[in-house]
Amino acid sequence: MTTTIPLLHDNHNHVSLYAAFSSCIDISRSAPDAALALLRGLPEDRLSVVRGWKSFELPMTSEELSSLPPIILINFSLHGFVVSDSGVPFLETTVPEVASMRNDQAWCEANVPPIFAAYCGLAGLDAKKLGEYIDRMLPLGIGSSDEMTVPTIQALDVCSSSPYDKRLNYWVAPALYEKMDIARRGLVSGIKLFLDGAVGSRSAAIEGPWIGPGKAMFTYADDVLLAILRRAGAYGTGLSAHAIGELAIEQALSAIEVAVREGARFRTIRLEHVQYIDVNQARRAKDLGIVLSMQPNFTSDSIDYTDRLTESYLKRNNPFRMLIDEVGFEPGRDMLFGSDGMPDGIAYAATQALFPAYPSQRLSLDELVAGYGTAKGVSGTVTLDIDDTERRVSVSGTSPVRLAP
Ligand SMILES: [Zn+2]
């Protein structure tokens, strides 16, 4: 069956980072043996930035890291990286802090924005790479995006001075916001915090137990988070917080409840991912007027992470039916959808929405489209091919795109 939908807005992506990465080697689609052969053949005289590393498919031993050419290998989830021994001196000259703290997982989880800035600096970003990356999303059904962690002021300037500015909403880490002048502050939708790790790096703040290694990683102690919210509540901007595990969601809700009661005000409050939110937390979020910004793409974590998550967590992931039917969240109003760039485009999200592992994760196509929303600054239509037998959705065509005047 085919159906036509509008060109959509991706409410959660990392546009400048992925644009910078576009000149990097991506091993996410390579078989482990092929990926390793490729890594071994990289140049010896400079640092190669390699993305798309799946640590569960290609574990890196210290022997391996001592024999490889200079590389930084960035986890598919963007949380976590390793550097080959020969790559360390390159990192020490360009991003000394990241180089010295690289083996401290807690530091790395607590410092995602500076690490993104390091990735962006190492890979390099310019207007051409930015435009090409955003245009590559058009045939995938995406016309505009929220850029969830603008890595540096230079990256903000590249984005905001380009013709693609109309198609981007910007979010920045609190430290970067504080460094920005009034004019730049006026360009951003709000500040973005990371509260916990990710399932991909076995560091999401779930109670557990994990199968195999795993540890709930928090960026902030409760009182530190509250202090940040008190301060940010006077900026007159929005707030967004990455919270995957139920413990991180709990920390976010408790801090927001206190800060708001004390008078902190935000243009909007979004919680990102909230994959393991429960019904009581959902009700509290609803009462606080919080927008849930979720990724139907990650419904497939319930299939991909049977090596680390118990059945109870596989089943609790992305409980869209509970959120919509029981608690009353409404896609497009207080529930937004995005991709996190894993992968880009609407096809994978639509596949996961219509054909999930668990019925509790199902979204109708109308709900999916409403949660993404129509693209801004550009318009067009996308034809989807829905294959009920293969349980898969693909994009079979897009109309010519019109730019907003
Ligand atoms: Zn993200």
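Each Lys or Arg adds one and each Asp or Glu takes one away; over the other residues whose Cβ falls under 13 Å from the Cβ of L314, this sums to -1. Taking every alpha-carbon pair in the stretch 24-103 and binning the separations at 10 Å intervals from zero gives 19, 58, 22, 1 percent. FRET efficiency for the E207 to R402 pair, using the beta carbon distance and R₀ = 51 Å, is estimated at 0.55. Compared with the alpha-carbon gap, the fully stretched path from K215 to K179 is longer by 9.7 nm at 0.36 nm per residue. Springs join every pair of Cα atoms under 10 Å in this Gaussian network model of the chain, and among D26, D223, D301 the largest mean-square fluctuation is at D223. Here the spin labels are modelled as points 7 Å beyond Cα on the Cα-Cβ line, and at S364 and T389 they lie 2.7 nm apart.
The Cβ shell under 15 Å around S86 holds other residues with a net charge of -3, Lys and Arg each +1, Asp and Glu each -1.
Considered as an equivalent ellipsoid built on the Cα gyration tensor, the chain has semi-axes of 29, 26, 24 Å, the largest given first.
Amide H contacts under 5 Å for L288: none, restricted to partners 5 or more places along the chain or on a different chain, H placed in the peptide plane at 1.01 Å from N.
Sorting V50, V393, V172 from the fewest to the most surrounding beta carbons within 10 angstrom yields V50, V393, V172.
Between the beta carbons of D222 and A106, assuming R0 = 22 Å, the FRET efficiency works out to 0.85 to the nearest 0.05.
In straight Cα distance, which lysines are under 21 Å from K129, not counting same-chain residues fewer than 8 positions off? Cα-Cα hits under 21 Å: K166, K376. Within the listed set G263, G236, G143, the residue fluctuating most in the Gaussian network model of the chain (springs between alpha-carbon atoms under 10 angstrom) is G263. Taking I324, I134, I244 in turn, the Gaussian network model of the chain (Cα-Cα springs below 10 Å) assigns the largest fluctuation to I324. Over the C-alpha trace of the stretch 328-405, radius of gyration and Dmax come out as 13.3, 43 angstrom. Within the shell defined by Cβ-Cβ distances under 15 Å, the residues around R230 carry a net charge of -2, with Lys and Arg each +1 and Asp and Glu each -1.
Residues of the chain were split at every exposed loop site, defined as GluC sites (Glu not before Pro) in a DSSP loop with at most 14 other C-beta atoms within 10 angstrom, and the longest piece left, sites excluded, is 58-206.
Extension gain, A34 to M1: 0.36 nm times the residue separation minus the Cα-Cα distance gives 8.2 nm.
Of the Cα atoms belonging to the stretch 5-163, the radius of gyration and Dmax stand at 16.1, 50 Å.
Readers should treat all values here as calculations from the given coordinates under stated rules, not as data from a laboratory. All of these numbers come straight from a predicted model, not from anything done at the bench. Positions of Cβ are backbone-derived with ideal geometry, glycine not excepted, and every protein chain shown enters the neighbour counts.
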